[in-house]
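Enquirer: Mind having a look at this structure? Questions to follow.
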Amino acid sequence: MAAQDPRLLAYAEVHSLAEGLNSALYRARQAPRVKDVVAELGRARDLCREANSAIVSLGEWSRFHLRIPSELYGDGVEPRWLPSYEDGNAGEFVGLSSRIADQMEEVVGKLQKMFGDGQIADRGGAQNYEERFLGPVKNRFIREAFEVFDAYHPGSASSSDGSPFFCFVHKVFEFATGEHDEDKVALGYKLRELISALHGYSRAKAKYWSIELMLNSGDQDDATRGDLERRQRKAKREMELHEGKFVPALAQKGLPPQKTGK
C-alpha cells in the first residue's frame, strides 16, 4: 500500500529516519571507547597465546591421558585437535588458535594505525569507537535525511536557514528526540559543513552507477569500454573524497570507504 501512495511512502521513510536516528544515538551512548576495543582484543590475543603455550608444554603422560577419551571411547574431542604424545605435534587446535591470535594482533595494529598514530587508539574527549569508525551520529543522520529529501526533490537541498531541506532535517530531529533548540542540536552548522559533500557524493554516485549499467550492457568496443572504466574509477575516487567529509577518520587516515549500495 505504501509503495503505491507517495504520501504513505514518505511518511514511512520519515518514521524510519527518526527511528534510525534514535537507534544510532542510543548505540553511540553505549559504545565503548576505541582504547577499550583495542585493549579487549589485546587481552584475548594474549590469553589465546598463553593457552597455546600451556597446551604445547604438556608432558607425554598428560597428552596421553588427554587423548584417551577420544581414542578409546570415541566420546571426546577429535584426536586431530589434541596434542600428540607420539610425535610431539601440537594439534590442530593450537594451530587454529595461533592464527586467531595473529589475526587479533593484526586488527589491533590496524586500529592503532587508523585512530591512534600507532599508539593506544584514544585521543580523549567524548568520542567513542562507533562515532570514530562510522562517523558522528549527526553526520549519518543528515546524510540519510539528504537521501530521503533528494529522492523527492532532486538537487534542491540547501543548507540555508529556513530552506525546505533545513526545515526537514530539524523537524525530523525534533520528532525523533523532542529537542528543537538549535543552540543545543547545532544542526545548522553541520548542514553548512556537509551540504557540498552531500551533493558531490550524490552526483559522483549517479555517474558511477550510470557507467556500471553501460558496462553491464556489453555493447562497447574495447576502446569505449576502457574509457568507461576510467571514468568510473574517477567517479569512485570522487565518492571516496566526499566520503571523508561524513567520516572524518577516512580523510585523516586514508581508510577505504564503506561499501556503496545502489
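The values are calculated or read from the model by the stated rules, or taken from the named source; none is laboratory data. Owing to the predicted nature of the structure, the values given are computational and were not obtained by experimental measurement. No Cβ is skipped: glycine too gets one built from the backbone with ideal geometry, and neighbour counts run over all protein chains shown. Please note that ligands, DNA and RNA were not included when accessible areas were found on the heavy atoms of the full protein model with its side chains. Shrake-Rupley method; radii C 1.70, N 1.55, O 1.52, S 1.80 Å.
Enquirer: Between residues in segment 98-124 that are part of a helix (DSSP H, G or I) and polar (S, T, N, Q) and residues that are open to solvent by 60 Å² or more (accessible area, probe 1.4 Å) and at pLDDT 80 or above, which pairs lie under 9 Å by C-beta distance while being six or more apart or on different chains?
Expert: 98/49
Enquirer: To continue, here is another question. Could you look through segment 19-50, keep only residues that are within 21 Å of residue 140 (Cβ to Cβ) and among the hydrophobic types (A, V, I, L, M, F, W, C), and pick out the one that is surrounded by the most Cβ atoms within 10 Å (Cβ to Cβ)?
Expert: Among those that are within 21 Å of residue 140 (Cβ to Cβ) and among the hydrophobic types (A, V, I, L, M, F, W, C), it is 34.
Enquirer: Quick check on segment 1-18: of everything there that is touching a residue at least 40 places away in the same chain (Cβ under 8 Å) and among the aliphatic types (A, V, I, L, M), which residue is surrounded by the most Cβ atoms within 10 Å (Cβ to Cβ)?
Expert: Filtering segment 1-18 for residues that are touching a residue at least 40 places away in the same chain (Cβ under 8 Å) and among the aliphatic types (A, V, I, L, M), the one surrounded by the most Cβ atoms within 10 Å (Cβ to Cβ) comes out as 17.
Enquirer: Out of (1) of a type outside the set (A, V, I, L, M); (2) surrounded by fewer than 16 Cβ atoms within 10 Å (Cβ to Cβ); (3) modelled with pLDDT under 95, what's the single condition that is false for residue 163?
Expert: Just one mismatch for residue 163, condition (3).
Enquirer: The conditions are (1) touching a residue at least 12 places away in the same chain (Cβ under 8 Å); (2) in a helix (DSSP H, G or I), and residue 157 fails exactly one of them. Which is it?
Expert: Status for residue 157: all satisfied but (2).
Enquirer: A further question on this structure: Identify, from the list 201, 189, the residue that is aromatic (Phe, Trp, Tyr), in a helix (DSSP H, G or I) and out of contact with any helix residue (DSSP H, G or I) (no Cβ under 7 Å at 6 or more places or on another chain).
Expert: On inspection, the qualifying residue turns out to be 189.
Enquirer: Would a scan of segment 173-183 turn up a residue that is of a type in the set (Phe, Trp, Tyr), in a helix (DSSP H, G or I) and open to solvent by 20 Å² or more (accessible area, probe 1.4 Å)?
Expert: yes
Enquirer: Filter segment 128-139 down to residues that are open to solvent by less than 40 Å² (accessible area, probe 1.4 Å) and in a helix (DSSP H, G or I) and give me whichever is farthest from residue 190 (Cα to Cα).
Expert: The qualifying residue farthest from residue 190 (Cα to Cα) is 130.
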